[in-house]
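To start, the structure under review is shown below, and the notes come after it.
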Amino acid sequence: MTDSTRRRPKPDVMAIGNRRLKPATLMMGHGYDPALSEGALKPPIFLTSTFVFENAAAGKRFFEGVTGKRPGGAEGLVYSRFNGPNQEILEDRLSVWEDAEDALAFSSGMSAIATVLMTFVQPGDVIVHSAPLYAATETFIGRILGKFGVTWLDFPAAATAGEIAAVVEAAKAKGRVALIYLESPANPTNVLVDVEAVRDVRDAAFGDEKPPIVIDNTFLGPLWHKPLAHGADIVVYSLTKYAGGHSDLVAGGALGRAAPINAIRSMRNTIGTILDPNSAWMLLRSLETLELRMSRAGENAEKVCGYLRSHPKVEKIVYLGFLEDARQADIYARHCTGAGSTFSLYLKGGEAEAFAFLDALKIAKLAVSLGGTETLASHPAAMTHLSVPDERKAALDIGDSMVRISIGVEDADDLIADFEQALAAV
Ligand SMILES: Cc1ncc(COP(=O)(O)O)c(C=O)c1O
């Protein structure tokens, strides 16, 4: 038996004739060869901190890959801070959803984002980003990278190509632009970023050394939004949300072309932000039902929002299925294949009305986070965005009457009955 037949899975079946298999099909077996694990249909959880080399030369070769002395990464498993079978299978399967060359799994969405940012920034650099971003991402860029002399300039998520270009030019005047960081739709405003316009602006503004475009695809990915196809270079995820999908794990991911992913892998190897094998295994199970769960949640959200939209106690709903702004609708048509299941509900009144509604819910749980099988509701102004200054909250329309809802996979009519009785209690 040669080294390669022992250590590598059999070639995967990715197509039948001319038919390329869909991600939903590949999630059941891609990247795993039962022959390598005593024939087990499902991969075992590899709880080991280190891997035995067949001989010293193999150990040397693997380390040459791990340390970047030789391109192409590690040929085999070395040490669990670098990689492991569960994580590698997960990474292969994550890549499938966005047709990415490679992917990495992280211990949380934030450790993925922090590792990606630290890979590309140097002291004195400027980060250009869309706004708003997930609060911890803003904190990491502003307060933590700021300690190392990194500065930032932002543009509103809805900005036009001209507005984005003006911010990029201002950033170039400040210093080296390390990367352009996007979040679409933005949390919690649900505003979409025109990724194609950002790519065109970036390509026109920079020569050979183009800063990578990184995008947080947590809210619509990987089913309804595939930004690598629209010009992004690296996609990051909180896999805690839709990908994990059961509100029982915390994980993150980064996907893209092999070269930037290799650079990010080196940083992950050094600082140890890799996902643990148990959570990786749980994510493999989650990905088998990802399309089913996200499709059902999306259909439920459409029904629930259709009901809530015309309710007399509702001021408005910010849901991607109801876009009125022509430019946002155009971005949606070019970039998205579904409206997701996370939206904002604005009640008539203020905090008292919003709290009465939240406290009366019987099926939906009062908790932050999103993308799980169960419906969650929260109050951004008093919870996730409590620390945001008042004027910024006002600019982002994070008012006291705003409730954030993530619809799950329950029966849609049961959910409507719950919202109906909770609105009656307001
Ligand atoms: C859009 C977005 N990005 C990143 C994160 C951070 O992910 P995690 O909590 O898995 O670290 C979150 C968490 O809510 C998020 O909503």
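Every number in this text was worked out from the coordinates using simple rules, so none of it is lab data. Quantities reported herein were computed from a predicted structural model and do not represent experimental measurements. When we count neighbours, we look across all protein chains shown, and the Cβ atoms used for this are built from the backbone with ideal geometry, even at glycine.
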Query raised in the report: Using the Cα atoms of the range 174-309 to build a convex hull, what is its mean projected area in square nanometres?
Result: 10.6 nm²
Requested in this report: Over the residues of the range 286-366, compute the C-alpha Rg and express it relative to 2.2 N^0.38 Å.
Outcome: 1.26
Report summary line: In order over the range 29-41: 3J(HN,Hα) from phi, Karplus 6.51/-1.76/1.60, θ = phi - 60°, whole Hz, x for each Gly or Pro, gives x, 4, x, 10, 10, x, 4, 7, 9, 6, x, 4, 4
Query raised in the report: When only C-alpha pairs under 8 Å and at least 6 residues apart count, what is the relative contact order of the chain, in percent?
Result: 15 percent
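Students often check this: by mean Cβ neighbours within 10 Å, which of 205-213, 261-269, 16-24, 394-402 ranks highest, and how do the rest follow?
The packing order, highest mean first, is 261-269, 394-402, 205-213, 16-24.
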Query - Dimensionless Rg/Rh of the range 336-426 - Kirkwood Rh, Rg from C-alpha atoms - result: 0.97
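At most 11 other Cβ atoms within 10 Å and a DSSP loop assignment: could you name the trypsin sites (Lys or Arg not before Pro) in the range 66-161 that fit?
On the way: sites: 69, 81, 93, 143, 147; in loops: 69, 81.
Those that pass, being in a loop and sparsely packed, are 69.
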Requested in this report: Enumerate the amide H contacts of residue 314 below 5 Å, restricted to partners 5 or more residues apart or on another chain; note that Pro and chain-start residues carry no placed amide H.
Outcome: 348
Report task. Using Cα centres only, tell me the gap between the range 167-182 and the range 395-426 in whole Å. Result -> 39 Å
**Report entry** Label zone at residue 383 (point 7 Å along Cα-to-Cβ), backbone N below 18 Å, the range 115-137
**Finding:** 134-136
Query raised in the report: What trypsin sites (Lys or Arg not before Pro) in the range 350-426 are in a loop by DSSP, with at most 12 other Cβ atoms within 10 Å of the Cβ?
Result: 362
Query raised in the report: With r defined as the distance between the Cβ atoms of residue 325 and residue 248 and R0 fixed at 30 Å, what FRET efficiency is calculated, to the nearest 0.05?
Result: 0.25
Query - Size descriptor, Kirkwood hydrodynamic radius, that averages inverse alpha-carbon separations across the range 235-352, Å - result: 17.2 Å
Query - Global size of the range 94-253 as Cα Rg and Dmax, reported in angstrom - result: 14.8, 45
Query raised in the report: How much length is gained if the chain between residue 311 and residue 54 is pulled fully straight, taking 0.36 nm per residue apart and subtracting their Cα-Cα distance, in nm to one decimal?
Result: 85.8 nm
Query raised in the report: Counting pairs of Cα atoms in the chain, how many percent are more than 31 Å apart?
Result: 42 percent
Query - Using θ = phi - 60° and Karplus 6.51 cos²θ - 1.76 cosθ + 1.60, couplings along the range 12-20 (whole Hz; Gly, Pro as x) - result: 6, 8, 9, 8, 10, x, 8, 8, 6
